[in-house]
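Down below is the structure, laid out as C-alpha cells.
The values are calculated or read from the model by the stated rules, or taken from the named source; none is laboratory data. These figures come from a predicted structure and were not determined experimentally. Here the Cβ is made from the backbone with ideal geometry for all residues, glycine too, and neighbour counts use every protein chain on show. The area values use the complete protein model at the heavy-atom level, side chains included, leaving out ligands, DNA and RNA. Shrake-Rupley method; radii C 1.70, N 1.55, O 1.52, S 1.80 Å.
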Amino acid sequence: MTNQIPQPVVTRFAPSPNGRLHIGHAFAAIVAHDLANDDPEGRFLLRIEDIDGPRSRPEFADEFRRDLEWLGLEWIEVEEQSKRIESYQNAIEALQAQEIIYPCACTRAQIEKLPMRRAEDGRSYPGSCKSECVGQAKDPASPVAWRLDIDRAIAQVGEVVWTDEFVGAVVADPRDFGDVILVRKDLPASYHLAVTLDDAADGVTLVTRGQDLFETTAIHRVLQELLGLPVPHWLHHRLLLDEAGEKLAKRRGSPPLAERRLRGDDGLMLAEQLRLQKIGTGT
Ligand code: GLU
C-alpha cells in the first residue's frame, strides 16, 4: 500500500441491483468497509447503482442491505443513482460546451461493420461518428448516445496519471477504450460517467473495486480532469475465483449470499474467512 492513503478514508460499495450478490461482492464490501474502519474518521458508504433501466430492481437492493447486515457490516447509505439524473445531465452539458462529446446514433449492428481499433479487452469504437454518424440514416426522433472524443480529451488534459494503492503511480492510456459512451441511448449516463460523478459527489477518497476494472480508471481520470473533480486514490483488489478458477459472476450462477443467509449460514464467520484472503494480486 502507498503511504499516503487520503484522509479521511471514505470508501464505498456500489452494487447494481440487477441480480443477487455473491461471495465476491461480500469480499469487495468487506475490503471497502475495513479500510474505512481502520481510520477513526473513515466512512464506508453504500451506493445503489440503479440506473440500469428495467434490469434494476428495488427488491435486489433491499436484499443487498440484508446481506451486508448479515456479514456484520455497518454503512452510510448515500443517494441511489436514479436520484442523481440531474447531476449527470449537468455534466453532459458541461462536456457539450467543451465540444468534447458527440452524438452517435449507430446501432450495434452498424458498429459491428466498422473497422475497429484494438483495445486490450476487446474491440473499441473507432470514433467514426465524429465526422459522419453512420447510424444517421436517420430518424431525427431516434435516440442518440453521446461519446467522448478521446483524442480531443487527451489533447486537452495531457498525461493521465493516477494512484493505485498496490501499484503506485499509473500512467494510463485511455485511448485503448476508444470513444466511450457517456450517455447511453436508453440511459441518462453510462457506468463511466455516473461512477466518476458519484464518487466525487459522495466525497469518496479511496475507490476500492475489483481488478477487472483497473484499466477503466484511466477514463475516469480523464473525466475528472474535464469536469474539474477531485482525484481520489484507487485500490483494485483481486477477484475471488470459483472452484473452476473462473471469476465469480451473477450470470454464471455463483451461489447468492441471500441463499446462504436464508439457509442459516453464519454471516459473521463468512466475513472472518473472507478477511483472511489476500486483497491484492502482488502482495
Ligand atoms: N456498479 C458497479 C458494479 O457493480 C460498480 C463498479 C465500481 O465499483 O466502480 O460493477
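Select from segment 33-66 the residues that are over 16 Å from the mean Cα position of the chain (by Cα) and hydrophobic (A, V, I, L, M, F, W, C) and list them in ascending order.
Within segment 33-66, Leu35, Ala36, Phe44, Phe60, Ala61, Phe64 meet the criteria.
Quick test of your reading of the structure: Pro40 fulfils all but one of (1) outside any helix (DSSP H, G or I); (2) open to solvent by 40 Å² or more (accessible area, probe 1.4 Å); (3) closer than 22 Å to Leu239 by Cα; (4) without any contact (Cβ under 8 Å) to a residue 40 or more places away in the chain. Name the failing condition by number.
Pro40 satisfies all of (1) outside any helix (DSSP H, G or I); (2) open to solvent by 40 Å² or more (accessible area, probe 1.4 Å); (3) closer than 22 Å to Leu239 by Cα; (4) without any contact (Cβ under 8 Å) to a residue 40 or more places away in the chain except (3).
What pairs come up if the first residue lies in segment 151-174 and is more than 25 Å from Ile5 (Cβ to Cβ), the second is in a strand (DSSP E or B), and their beta carbons are under 9 Å apart, counting only those six or more places apart or on different chains?
Cβ pairs passing all conditions: Ala153/Ile101; Ile154/Val160; Asp173/Val160.
Restrict the check to segment 193-202 and report whether at least one residue is more than 15 Å from Ile92 (Cα to Cα) and in contact with a strand residue (DSSP E or B) (Cβ under 7 Å, 6 or more places away or on another chain).
From segment 193-202, those more than 15 Å from Ile92 (Cα to Cα) are 199-202; that's our starting set.
Narrowing the set further to residues that are in contact with a strand residue (DSSP E or B) (Cβ under 7 Å, 6 or more places away or on another chain) leaves 199, 202.
Yes, because at least one residue in segment 193-202 is more than 15 Å from Ile92 (Cα to Cα) and in contact with a strand residue (DSSP E or B) (Cβ under 7 Å, 6 or more places away or on another chain).
Would you confirm, using the coordinates I've provided, whether Glu86 is more than 11 Å from the ligand (Cβ to nearest atom) and outside any strand (DSSP E or B)?
Against the criterion (more than 11 Å from the ligand (Cβ to nearest atom) and outside any strand (DSSP E or B)), Glu86 qualifies.
For Ile48, state whether it is closer than 17 Å to Arg209 by Cβ, assigned to a loop (DSSP other than H, G, I, E, B) and within 11 Å of the ligand (Cβ to nearest atom).
yes
For Val161, work out the one condition from (1) closer than 25 Å to Val78 by Cβ; (2) over 13 Å from the mean Cα position of the chain (by Cα) it doesn't fulfil.
Of the numbered conditions (1) closer than 25 Å to Val78 by Cβ; (2) over 13 Å from the mean Cα position of the chain (by Cα), the odd one out for Val161 is (1).
Would you confirm whether or not segment 24-35 contains a residue that is in a loop (DSSP other than H, G, I, E, B) and surrounded by 15 or more Cβ atoms within 10 Å (Cβ to Cβ)?
Taking segment 24-35 and keeping what is in a loop (DSSP other than H, G, I, E, B), we get none.
For segment 24-35, residues in a loop (DSSP other than H, G, I, E, B) and surrounded by 15 or more Cβ atoms within 10 Å (Cβ to Cβ): absent.
Would you please list the contacts, defined by Cβ atoms under 6 Å and residues six or more apart or on different chains, that run from a residue in segment 177-199 that is closer than 20 Å to Phe214 by Cβ and among the polar types (S, T, N, Q) to a residue that is open to solvent by less than 10 Å² (accessible area, probe 1.4 Å) and within 9 Å of the ligand (Cβ to nearest atom)?
From residues that are closer than 20 Å to Phe214 by Cβ and among the polar types (S, T, N, Q), the pairs are Thr196/His220.
Under the condition of being more than 8 Å from the ligand (Cβ to nearest atom) and assigned to a helix (DSSP H, G or I), which residue from segment 204-215 is farthest from Phe27 (Cα to Cα)? Lay out the reasoning, then the answer.
To start, the set of residues in segment 204-215 that are more than 8 Å from the ligand (Cβ to nearest atom) comprises 204-206, 211-212, 214-215.
The next check asks that each one be assigned to a helix (DSSP H, G or I); those that pass are 211-212.
Details: Gln211: 13, Asp212: 14 Å.
Taking the candidates together, the pick is Asp212.
To keep it simple, each residue is scored yes or no on (1) under 30 Å from Arg261 (Cα atoms); (2) hydrophobic (A, V, I, L, M, F, W, C); (3) in contact (Cβ under 8 Å) with a residue 12 or more places away in the chain.
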{"position": "Val31", "(1), (2), (3)": "yes, yes, yes"}
{"position": "Arg47", "(1), (2), (3)": "yes, no, yes"}
{"position": "Gly53", "(1), (2), (3)": "yes, no, yes"}
{"position": "Ala61", "(1), (2), (3)": "yes, yes, yes"}
{"position": "Phe64", "(1), (2), (3)": "yes, yes, yes"}
{"position": "Gln98", "(1), (2), (3)": "no, no, yes"}
{"position": "Thr107", "(1), (2), (3)": "no, no, yes"}
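Filter segment 10-23 for residues that are more than 9 Å from the ligand (Cβ to nearest atom) and outside any loop (DSSP other than H, G, I, E, B) and give the result.
Within segment 10-23, Val10, Thr11, Ile23 meet the criteria.
Is there a residue being within 16 Å of the ligand (Cβ to nearest atom) and closer than 17 Å to Ile111 by Cβ anywhere in segment 190-202? Let's see the steps before the verdict.
The first filter runs over segment 190-202 and keeps only residues within 16 Å of the ligand (Cβ to nearest atom), leaving 190-202.
Within this subset, residues satisfying the condition of being closer than 17 Å to Ile111 by Cβ are 190.
There is at least one residue in segment 190-202 that is within 16 Å of the ligand (Cβ to nearest atom) and closer than 17 Å to Ile111 by Cβ.
Out of the residues in segment 66-76 that are outside any loop (DSSP other than H, G, I, E, B) and open to solvent by 70 Å² or more (accessible area, probe 1.4 Å), which is farthest from Glu259 (Cα to Cα)?
Ile76
Just for segment 216-242: of the residues that are within 12 Å of the ligand (Cβ to nearest atom) and in a loop (DSSP other than H, G, I, E, B), which one is surrounded by the fewest Cβ atoms within 10 Å (Cβ to Cβ)? If you could, list the steps in order and put the result at the bottom.
We begin by selecting, within segment 216-242, every residue within 12 Å of the ligand (Cβ to nearest atom); these are 216-217, 219-220, 232, 234-237, 239.
Then drop every residue that is not in a loop (DSSP other than H, G, I, E, B), which leaves 216, 232, 239.
Numbers: Thr216: 21, Pro232: 22, Leu239: 17.
Ranking the qualifying residues of segment 216-242, first place goes to Leu239.
Does Cys129 meet the test of being at pLDDT below 65 and either open to solvent by less than 10 Å² (accessible area, probe 1.4 Å) or assigned to a helix (DSSP H, G or I) (or both)?
Considered against the rule, which asks whether it is at pLDDT below 65 and either open to solvent by less than 10 Å² (accessible area, probe 1.4 Å) or assigned to a helix (DSSP H, G or I) (or both), Cys129 comes out as no.
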